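Engineer: My questions all concern the structure below.
The values are calculated or read from the model by the stated rules, or taken from the named source; none is laboratory data. Just so it is clear, the model here is predicted, and its values are computed rather than measured. All Cβ positions, glycine included, derive from the backbone under ideal geometry; neighbour counts span all protein chains shown. What goes into the accessible areas is simple: the full protein's heavy atoms, side chains included, and nothing from ligands, DNA or RNA. Shrake-Rupley method; radii C 1.70, N 1.55, O 1.52, S 1.80 Å.
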Amino acid sequence: MPEYGAGGLTAGGASPTGSTAPPPAPEDEDDGSRAVIDVHHHFCAPQWREWGEAQGLVNPRALPPWAHWDAESALALMDRAGIATAVLKPMLPARYESSAQLREAVTVTLRAAVEAVEAHPGRFFFHTPLFLDDLEVSSWALRHGLDELGAVGVNVTANYGGVYLGDPVYDGIFAELDERSAVVDTHPHNLPAVPAGAGGTGGPGAGRPGGGDGRGAGGTPGARGHGAPRDTGRPGLAGGPGAGGPPGVTVPGVPNFLCDFLLDTTRAAANMIRNRTLDRFPNLSVILPHGGGFLPHIATRLEAFAGSFAPPVDPAAVRDHLHRFYYDTAGPMSPAGTLLATVDPARILFGSDWPACPADMVADIAVPALAADPALTPALRRAVNRENALRLMPRLVPA
């Protein structure tokens, strides 16, 4: 995967200024930076890579760097960045041929996650991946992961073949999650392709054909494709649990993860607002990554034009949902002023995005930027770094 080129990084991911993480805060001004809880840590298990190679699904040597997770590198980054505990977001980037094969892939991945937790008590917890384009496997996966293996939540992709979170087709799974008061961790992917004959404006499939993220084969957690609702016709696209569109860069020279991913999250959030998802499933806790995409920046616009939704939405419902979503800082996140002015500060969580976000960027740019953000007092930083995550997922206590 090419390293992120913006933000003052060299091609190799190192900071040209040689900056390092700031010194710990004084004991009387604890900002949580010595015991951070990371809710956005990608996990492509070595056991899954071996299984995928044996199945003929992947060539491990052709996988991008972010797909080569190992515990030693993970712990090294965590120690360097002051991260005490990380929540693993499973990644399974392959083209699956059947529901049975997908179920086996999830089984292998969850077993590997449990092994990582047991080998390093208190350092790792995990979500279970759901592939909402296969509702039967998703229902099994949430029961297996949450009820039997002790996952602290589930992770899903913003859209599956152009069908965004909040769509009624997912109500059955969301009802099962609501019964469990589950944490639903989301992640963007490529924007959906324009359906054949569509004009390219409006609707959930709007956007130019394309969707490669500029990070090499695959994209974000998981991969899916067969049986997707309103499928794009390209089964098995690598990406999140469910793929958003055919591979390819939407705007030449602009990797999709720079802009399109943020729009994908924003679309999913807007669709959940439109469909009053958090009202219909009030026990769910939904995490939006990367500071909520563009959502905080267009909050006033969404309220002002709430009547333009179909059906129209009351502006109060927009405000209510904005304060009920959770938001992680993965990215690195922009200065927090706009986010704090828009959302409940008790719902902002630290996220590293490692290893999709290189270690040098996490330790030398994202963490120091959060520590120096003028909008965050030590108490707010402590909440973001640790306390908010503990309230959301009380089991995330280091051993």
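Engineer: Being without any contact (Cβ under 8 Å) to a residue 60 or more places away in the chain and part of a loop (DSSP other than H, G, I, E, B) is the filter here; which residues of segment 46-67 pass it?
Structural biologist: Initially, segment 46-67 is screened for residues without any contact (Cβ under 8 Å) to a residue 60 or more places away in the chain, giving 49-61.
Selection gives Gln55, Gly56, Leu57, Val58, Asn59.
Engineer: Here's something else I'd like to know. Picking from Ala375, Ala336, Ala369, which residue would you name as being touching an Asp or Glu at 6+ places or on another chain (Cβ under 6 Å), at negative phi, of a type in the set (A, V, I, L, M, F, W, C) and at pLDDT below 95?
Structural biologist: Ala336
Engineer: Which of the residues that make up segment 306-359 are among the hydroxyl-bearing types (Ser, Thr, Tyr) and closer than 30 Å to Cys44 by Cα? Talk me through it step by step, then tell me what you get.
Structural biologist: Step one: filter segment 306-359 for residues among the hydroxyl-bearing types (Ser, Thr, Tyr), giving 308, 326-327, 329, 334, 338, 342, 352.
Of everything in segment 306-359, those that are among the hydroxyl-bearing types (Ser, Thr, Tyr) and closer than 30 Å to Cys44 by Cα turn out to be Tyr326, Tyr327, Thr329, Ser334, Ser352.
Engineer: From the residues in segment 36-62 that are touching a Gly at 6+ places or on another chain (Cβ under 7 Å) and not acidic (Asp, Glu), which one is surrounded by the most Cβ atoms within 10 Å (Cβ to Cβ)?
Structural biologist: Val39
Engineer: Still on this structure: From the list Arg347, Arg382, Arg391, Arg386, exactly one residue is of a type in the set (Lys, Arg), at pLDDT 95 or above and surrounded by fewer than 18 Cβ atoms within 10 Å (Cβ to Cβ). Which is it?
Structural biologist: Arg391
Engineer: Hey, can you tell me all the residues within segment 70-98 that are outside any helix (DSSP H, G or I), over 18 Å from His189 (Cα atoms) and open to solvent by 10 Å² or more (accessible area, probe 1.4 Å)?
Structural biologist: Selection gives Asp70, Gly82, Ala84, Glu97, Ser98.
Engineer: Using beta carbons and a limit of 8 Å, which pairs, at least six apart or on different chains, have the first residue in segment 358-376 and over 20 Å from Leu340 (Cα atoms) and the second one part of a helix (DSSP H, G or I) and among the hydroxyl-bearing types (Ser, Thr, Tyr)?
Structural biologist: Ala359/Ser73
Engineer: Residue under question is Leu149, and the condition is that it be aliphatic (A, V, I, L, M) and surrounded by 24 or more Cβ atoms within 10 Å (Cβ to Cβ); does it hold?
Structural biologist: no
Engineer: Quick test of your reading of the structure: Asp353 fulfils all but one of (1) assigned to a loop (DSSP other than H, G, I, E, B); (2) at negative phi; (3) surrounded by 19 or more Cβ atoms within 10 Å (Cβ to Cβ). Name the failing condition by number.
Structural biologist: Exception for Asp353: condition (2).
Engineer: For residues that are closer than 20 Å to Asn155 by Cβ and more than 18 Å from the chain's Cα centre (by Cα), tally how many sit in segment 84-93.
Structural biologist: 0
Engineer: Regarding Ser19, is this residue surrounded by fewer than 18 Cβ atoms within 10 Å (Cβ to Cβ), over 27 Å from Phe125 (Cβ atoms) and at pLDDT 95 or above? Spell out how you get there, then give the answer.
Structural biologist: Numbers: surrounded by fewer than 18 Cβ atoms within 10 Å (Cβ to Cβ): yes; over 27 Å from Phe125 (Cβ atoms): yes; at pLDDT 95 or above: no.
So Ser19 does not fit the description; no.
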